[in-house]
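Working notes, beginning with the structure itself.
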Amino acid sequence: MDGLELLKTFREVALRGSFSRAATSLGMSKANASKYVAQLETRFGVRLLNRSTRSVSLTDAGHLLLERSKPLLEMIERTESELQGHAGHPRGRLRVTAPHGLGSSSFSGLIGEFMVTYPDVHVSLHLSNRVIDLVEEGVDIALRLGRIRDENVIVRRLRLMDLALCATPGYWARRGMPKKPDDMRRHDVLTYSLAAGGPQLPFEVDGQPYSVPVTSRMDANDAAPLIGVALAGLGAICVPVMMAQSHIERGALVPVLKDFMPRDLWLYAAYSQRRHNSAALRALLDFLEARVRDPEPVT
């Protein structure tokens with residue numbers, strides 16, 4: 001029996017002055033109540049209660065333990081109540097990380113809507129393109145873009161993400177419009193510096209992933225500067241459609257090789273535990289899954 005249960009039993013017996021009444025209050029037998037107090041006395045090596053056939057009374061040591069244990073047990077009871085509240089009602093702090101690119105999309109508005117819906121939840125949002133260890137860095141949910149790997153995390157798929165390989169009309173006019181993935185080997189490409197194994201573009205040929213090594217004119221760890229340089233006509237970019245949609249719609253960027261773009265890239269939420277998650281974490285996962293919609297097709 002752990003010390004906390006022994007203390008609770010002792011305190012109930014001391015306050016009610018009877019093993020029988022304490023046992024009834026705690027929902028246990030009188031024999032167990034007596035045994036738990038005896039175990040506590042053995043642990044401390046001192047008598048806590050004077051016993052008679054009719055009642056019990058506190059010894060000096062018992063008075064000391066009753067006085068000192070009161071704030072401890074009250075704190076534990078308050079904490080238990082608050083923790084049960086976290087499990088049943090969304091409240092408290094949620095630590096969320098997301099790629100930089102989502103910060104300039106509609107994602108910020110979704111977080112705002114979530115906070116209006118759940119006013120007792122505080123969101124701590126950290127934008128980073130680095131893949132982090134959720135447990136080590138104390139992050140509740142990581143939003144990520146890409147293929148879902150076999151990681152030591154639980155994943156909630158939110159939506160398939162289309163990629164757009166695009167450049168300005170002027171760039172394609174100068175360098176030629178590619179007809180197949182390998183044509184990109186002779187183009188200048190603005191690439192993500194996070195890519196491992198050298199700059200390359202992801203394609204899908206006959207239903208299988210197909211990577212093409214390319215010449216990188218510039219690299220960055222975020223899509224925004226790559227899009228800016230692409231708009232200056234200095235190279236092609238391959239970014240999530242949602243990040244280039246407005247430029248594509250107004251004709252400033254022209255997508256190519258759409259039939260070869262990967263179809264297994266996701267915006268997904270990763271978290272570290274499947275059981276005993278807080279109500280706030282469950283609420284955010286359900287909210288994102290319900291609100292994140294399939295993107296409009298690129299024309």
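The values are calculated or read from the model by the stated rules, or taken from the named source; none is laboratory data. All figures in this text were calculated on a predicted structure; none of them were measured in a lab. All Cβ positions, glycine included, derive from the backbone under ideal geometry; neighbour counts span all protein chains shown.
Pick from ALA269, ALA244, ALA223: which is crowded, with 19+ Cβ neighbours inside 10 Å, closer than 30 Å to LEU285 by Cβ and assigned by TED's automatic domain parsing to the domain that holds ILE148? Criteria check complete, one pass: ALA269. In segment 214-236, the count of residues that are farther than 23 Å from ALA98 by Cα, among the charged types (D, E, K, R) and assigned to a helix (DSSP H, G or I) is zero. For beta carbons closer than 8 Å, sequence separation of 6+ or different chains, a first residue in segment 127-148 that is buried (at least 16 other Cβ atoms within 10 Å of the Cβ) and a second that is among the basic types (Lys, Arg) and modelled with pLDDT of 80 or more, the qualifying pairs are VAL139/ARG95; ASP140/ARG95; ILE141/ARG95. Just wondering, is there one or more residues in segment 30-42 that are within 44 Å of the chain's Cα centre (by Cα), farther than 24 Å from MET75 by Cβ and free of Cβ contacts under 8 Å to residues at least 40 places away in the same chain? There is at least one residue in segment 30-42 that is within 44 Å of the chain's Cα centre (by Cα), farther than 24 Å from MET75 by Cβ and free of Cβ contacts under 8 Å to residues at least 40 places away in the same chain.
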